[in-house]
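The values are calculated or read from the model by the stated rules, or taken from the named source; none is laboratory data. If you're wondering where the values come from, they're calculated on a predicted model, not measured in any experiment. Cβ placement follows ideal geometry from the backbone for every residue including glycine, while neighbour counts extend to all protein chains displayed. Side chains included, ligands, DNA and RNA excluded: accessible areas come from the protein's heavy atoms. Shrake-Rupley method; radii C 1.70, N 1.55, O 1.52, S 1.80 Å.
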Amino acid sequence: FIKARNLIPDLFPEEWNKQTLTWNTGEPPNIKSAVNKLQSSISVEDELPLRIIAVEWTDPVLAAEWSNELVKHLNNHIRQQRIEEANKSIFFLEEQLDKTSLVENKSILFSLIEEQTKNIMLANVREEYAFKFIDPAVVPEQIIRPLKLQTVVLGTIAGFILSLFLVFIRAYIKKAFT
């Protein structure tokens, strides 16, 4: 998904120079670090039979786009796997068909080939093969993170506590050495 969509510049915007379209470090980040960064921004809630996929990113438009594209990419990948498996099964069954001469066995093999052909047809026909969109991702109307008010309040409280601590230490040191 990362390679197909060329996401590495978006995943590492601080290392990517948009004007010159080059990496500031000279070398692009490796795919493993890109995968780790993307995985850390994706959350999946698995409430059977429903799966909720969410992408948290600094750019909400990109996050919504990536969520939708990721599901489409997974559907295509799983569909291609199923088609390949069914084609391999048909090839194997046709080999077995050539090897047998019993009418009953041929009938069973023909029904198995028919079943695999149906699987290929369903995989080719259905666009939403493994996952179905109930509600595609949209750009949120409000900023979810960072919570600016919470950050300011917690920073103020932490600064106040730290300053009290420093005042007490300074008074203790002054008292101890006088």
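Quick check on residue 74: is it within 29 Å of residue 124 (Cβ to Cβ), of a type outside the set (Asp, Glu) and loosely packed, with under 11 Cβ neighbours inside 10 Å?
No: the conditions fail for residue 74.
So for the range 111-127 (the condition being closer than 30 Å to residue 50 by Cβ and in contact (Cβ under 8 Å) with a residue 60 or more places away in the chain), does at least one residue qualify?
no
Any idea how many residues of the range 91-103 are assigned to a helix (DSSP H, G or I), more than 30 Å from residue 128 (Cβ to Cβ) and either open to solvent by 40 Å² or more (accessible area, probe 1.4 Å) or out of contact with any Leu (no Cβ under 7 Å at 6 or more places or on another chain) (or both)?
The number of residues fulfilling the criteria is 6.
Return yes when residue 61 is open to solvent by 70 Å² or more (accessible area, probe 1.4 Å) and either in a loop (DSSP other than H, G, I, E, B) or closer than 19 Å to residue 143 by Cβ (or both) and no when it is not.
In short, yes.
Can you pull out every residue in the range 35-55 that is out of contact with any strand residue (DSSP E or B) (no Cβ under 7 Å at 6 or more places or on another chain) and either assigned to a loop (DSSP other than H, G, I, E, B) or free of Cβ contacts under 8 Å to residues at least 60 places away in the same chain (or both)?
35, 36, 37, 38, 39, 40, 46, 47, 48, 49
Any residue at all in the range 82-90 that's among the small types (Gly, Ala, Ser), over 27 Å from residue 42 (Cβ atoms) and open to solvent by 60 Å² or more (accessible area, probe 1.4 Å)?
no
For the range 17-48, which positions are open to solvent by less than 90 Å² (accessible area, probe 1.4 Å), out of contact with any Phe, Trp or Tyr (no Cβ under 6 Å at 6 or more places or on another chain) and polar (S, T, N, Q)?
Of everything in the range 17-48, those that are open to solvent by less than 90 Å² (accessible area, probe 1.4 Å), out of contact with any Phe, Trp or Tyr (no Cβ under 6 Å at 6 or more places or on another chain) and polar (S, T, N, Q) turn out to be 17, 20, 22, 33, 36, 43.
Quick check on this structure: which one of 118, 72 is closer than 30 Å to residue 11 by Cβ, at pLDDT 90 or above and of a type outside the set (Val, Ile, Thr)?
Going through 118, 72 in turn, the sole match is 72.
From the list 152, 138, pick out the single residue that is in contact with a helix residue (DSSP H, G or I) (Cβ under 8 Å, 6 or more places away or on another chain), modelled with pLDDT under 95 and surrounded by 10 or more Cβ atoms within 10 Å (Cβ to Cβ).
Matching residue, one of 152, 138: 138.
One line per residue, one yes/no per condition, for (1) touching a helix residue (DSSP H, G or I) at 6+ places or on another chain (Cβ under 9 Å); (2) modelled with pLDDT under 90; (3) polar (S, T, N, Q):
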{"residue": "6", "(1), (2), (3)": "no, yes, yes"}
{"residue": "21", "(1), (2), (3)": "yes, yes, no"}
{"residue": "46", "(1), (2), (3)": "no, yes, no"}
{"residue": "57", "(1), (2), (3)": "yes, yes, no"}
{"residue": "60", "(1), (2), (3)": "no, yes, no"}
{"residue": "76", "(1), (2), (3)": "no, no, yes"}
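For the structure I just gave you, tell me whether residue 106 is outside any loop (DSSP other than H, G, I, E, B), more than 30 Å from residue 48 (Cα to Cα), among the basic types (Lys, Arg) and open to solvent by less than 100 Å² (accessible area, probe 1.4 Å).
For residue 106, the condition - outside any loop (DSSP other than H, G, I, E, B), more than 30 Å from residue 48 (Cα to Cα), among the basic types (Lys, Arg) and open to solvent by less than 100 Å² (accessible area, probe 1.4 Å) - is met.
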